[in-house]
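Asker: Just dropping this structure here.
The values are calculated or read from the model by the stated rules, or taken from the named source; none is laboratory data. Predicted, not measured: the structure shown is a model, and the values here were computed from it. Glycine gets a Cβ as well: all are built from the backbone with ideal geometry, and neighbour counts include every protein chain shown.
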Amino acid sequence: MNESIRESGVDDDRPTFPDDPATQHSHLSRLILELGAAVYACEPVGALDFLARGLLDDAREHFRAEEEVMQETGYPALDEHRQQHTSLLARIEVIRNSFSSGASSSGMTELAAAFSLHEQTMDEEMLRYFRGFK
């Protein structure tokens, strides 16, 4: 198992997240809100792109870590969960691309709603499953 995802002090092979999932989710939610506020405030394209790129990078890393743990544990809904991650990342890409084309993005509300729904459904189910490994 990847040592970076092992809880400190744990000396068995139970998979764990690198950081508390709730903290990671709060961070991503905050980035989505910051990007939405910047869009609403008509910030320059460069600033919007910077925020969107940061959100995209952080979301990719978080999703990669989640999927690694799901793979290690044999999580039964891995494929469906991964598809939702792919969809969320695609939404962020569409929003980011809209900035570079000069269009204002109307997808921020939908992104925030989709991420929130993902947290409340897929992530909650996944966390219940992982609690069985602790």
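Asker: Could you check the stretch 59-78 and list, in sequence order, the residues that are farther than 20 Å from residue 120 by Cβ and not basic (Lys, Arg)?
Answerer: Correct list: 61, 68, 71, 72, 73, 74.
Asker: So, residue 63, is that one among the aromatic types (Phe, Trp, Tyr) and closer than 16 Å to residue 29 by Cβ or not?
Answerer: So residue 63 fits the description; yes.
Asker: If I ask for residues that are of a type in the set (Val, Ile, Thr) and within 13 Å of the chain's Cα centre (by Cα), which ones from the stretch 53-105 would you list?
Answerer: So the first thing to find is which residues in the stretch 53-105 are of a type in the set (Val, Ile, Thr), and the list is 69, 73, 86, 92, 94-95.
Result: 86, 92.
Asker: Going through 82, 53, 64 one at a time, which residue ends up being without any contact (Cβ under 8 Å) to a residue 24 or more places away in the chain, in a helix (DSSP H, G or I) and loosely packed, with under 15 Cβ neighbours inside 10 Å?
Answerer: Answer to the check: 64.
Asker: From the list 24, 71, which one is in a helix (DSSP H, G or I) and either of a type in the set (Gly, Ala, Ser) or modelled with pLDDT under 90 (or both)?
Answerer: 24
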